[in-house]
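For reference, the structure discussed in these notes is given below.
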Amino acid sequence: MESEYDVIVIGAGAAGENAADRVVKGGLTAALVESDLVGGACSYWACEPSKALLRPGTALHAARRVPGAREAVTGQLAVEAVLAHRNDAVNSWDDSSQADWATGAGITLIRGRARLTGAKRLSVADAAGNHFPLVARHAVVLATGSTPSIPKVPGLQHVSHWTTPDATSAREVPESLVVLGGGVAGSELAQAFARLGSRVTVLARGHLLSGFPEDARSLVATGLREDGVEILEGVTPELIEPTDDGGARLTLPDGRTLEAAKVLVSAGRRPALDGLGLPAFGIEPASLRVDETGLVIGNSWLYAVGDCSGRAMLTHQGKYQARITGDTIVARARGDLDGRPAAWSRHARTADELAVPRVVFTDPEAAMVGLSEEEAWEHGIRVRAVDLPISVAGAWQHAVDYEGWARFLVDEDRRTIVGACFAGPDVAELLQAATIAIVGEITLERLWHAIPAFPTVSEVWLRFLEAYGL
């Protein structure tokens, strides 16, 4: 193993892998330093396993909503088979194939924990406690991901509880589960475990899925309640205590108590930046900021991509950031890029601000991209919201009781879409069209010529244009 590389990437999750790959494809050398599994949280404890736990229940429910198929469905989910499916999705937590990919891509994989010791200099500690130095000729990229946030609830520290990685890697289904947090992960895991047989209660500090419009989150809440999930909004427990049987007792502000075999803490995530030595460079982990290329503001060699950069904490967004940052490092190393890149160019992460797609993979789903109505006005955009039900022939074919909702936000001056939100079964598949419309700044007059096939749920686009007045 060499001690000097053009670029050193700390963290071999999805973002780190993409950053290193782009650097190598650009003709530079790269080392990828990882202390855990290559592939990161998304591959083993987040996106992949959670969707593997959700999909069987969604497929079963979908079959029951179509005449002819519903009569053929006579059983319930086979829990052991679902857990085995989840194990397959994460390759039984074996990262050998992804480690082989890195090596095959020309990336040097270094197992260990890295810490910055100087400008473009690191010290890596391996599993045996040995330390060795590394030097980057051009750049160091932080791709260390994020870690679960733990709320300060009295007694929680004395109770054996899950965080989201514990839930997605669970070996058995608890009889009862209390979820602290009504965000995306909390909502998804609440439904997954309810459909696997748990009695689930969600305690949301604010609204369930508070980042989504009320109509969208209402549809998701209805779907969860139909699965037996109790949702308590605006509630934070005052005390959590262990029970004699290894579970937990939660005391709520109104005096009510809940008992559960397991508590799942799903209260958001924070950038994983501790232990990297950042304060020595005048960078406090809680206030790290990056520019449109991913460069950490205040220096010329340190970059950050993915969750740790503090931007949208989504795997696909982290990979997008990493590709742009990798290309930027190559361009600057060659002297091909000076100053700030233009918006929407290959070296600017413009979509971080204007076109972040996000999906809640519950049943029904909620999907959103671009700006919210409030954000649009804050950007100085004179926006008009067009809300309508997803009531088209394709929806009826999808399920006889299909219920969905859509919102399109139109920049009235440019007559382009700046935001969209969908809620309903399988609406995630509508999101890419909206993303393309926003990124491409396609006018409504041109969208009028984008004809949705009949009968598909995408006909909602035609209904939107009609409702707008075209």
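Just so you know, in the range 392-426 the residues that are in contact with a Pro (Cβ under 8 Å, 6 or more places away or on another chain) and of a type in the set (Val, Ile, Thr) include one that is surrounded by the fewest Cβ atoms within 10 Å (Cβ to Cβ), and it is Val400. Of the candidates Gly106, Gly129, the single residue that is modelled with pLDDT under 95, loosely packed, with under 15 Cβ neighbours inside 10 Å and farther than 23 Å from Arg171 by Cα is Gly129.
Scanning the range 132-168 for residues that are under 16 Å from Leu276 (Cα atoms) and open to solvent by less than 30 Å² (accessible area, probe 1.4 Å) returns Leu134, Ala136, Ala139, Val140, Val141, Leu142, Ala143, Gly145, Ser146. When residues in the range 141-162 are screened for being of a type in the set (A, V, I, L, M) and within 24 Å of the chain's Cα centre (by Cα), 4 of them pass. Within the range 438-470, the set of residues being hydrophobic (A, V, I, L, M, F, W, C), within 30 Å of His61 (Cβ to Cβ) and either in a loop (DSSP other than H, G, I, E, B) or under 25 Å from the mean Cα position of the chain (by Cα) (or both) comprises Ala453, Phe454, Val457. Collect the residues in the range 396-453 that are of a type in the set (Gly, Ala, Ser) and under 19 Å from Phe361 (Cβ atoms), keeping them in residue-number order. Of everything in the range 396-453, those that are of a type in the set (Gly, Ala, Ser) and under 19 Å from Phe361 (Cβ atoms) turn out to be Ala399, Gly404, Ala406, Ala420, Ala423, Gly424, Ala428, Ala433, Ala434. Where strands (runs of 3 or more DSSP E) sit wholly within the range 190-267, those with at least 3 residues that are open to solvent by 50 Å² or more (accessible area, probe 1.4 Å) and on the phi < 0 side of the Ramachandran plot occupy 239-242. In the condition set (1) open to solvent by 10 Å² or more (accessible area, probe 1.4 Å); (2) modelled with pLDDT of 95 or more; (3) not aromatic (Phe, Trp, Tyr), Leu177 is compliant with all but (1). With a requirement of 1 or more residues that are open to solvent by 20 Å² or more (accessible area, probe 1.4 Å), the strands (runs of 3 or more DSSP E) lying completely within the range 285-391 that satisfy it span 358-360, 365-370, 383-389.
The values are calculated or read from the model by the stated rules, or taken from the named source; none is laboratory data. Here the structure is a predicted model, which is why all the values come from computation and not from measurement. A quick note on method: Cβ atoms are made from the backbone with ideal geometry, for glycine too, and the neighbour counts reach across all protein chains shown. Heads up: the accessible areas ignore ligands, DNA and RNA and are worked out on the full protein's heavy atoms, side chains in. Shrake-Rupley method; radii C 1.70, N 1.55, O 1.52, S 1.80 Å.
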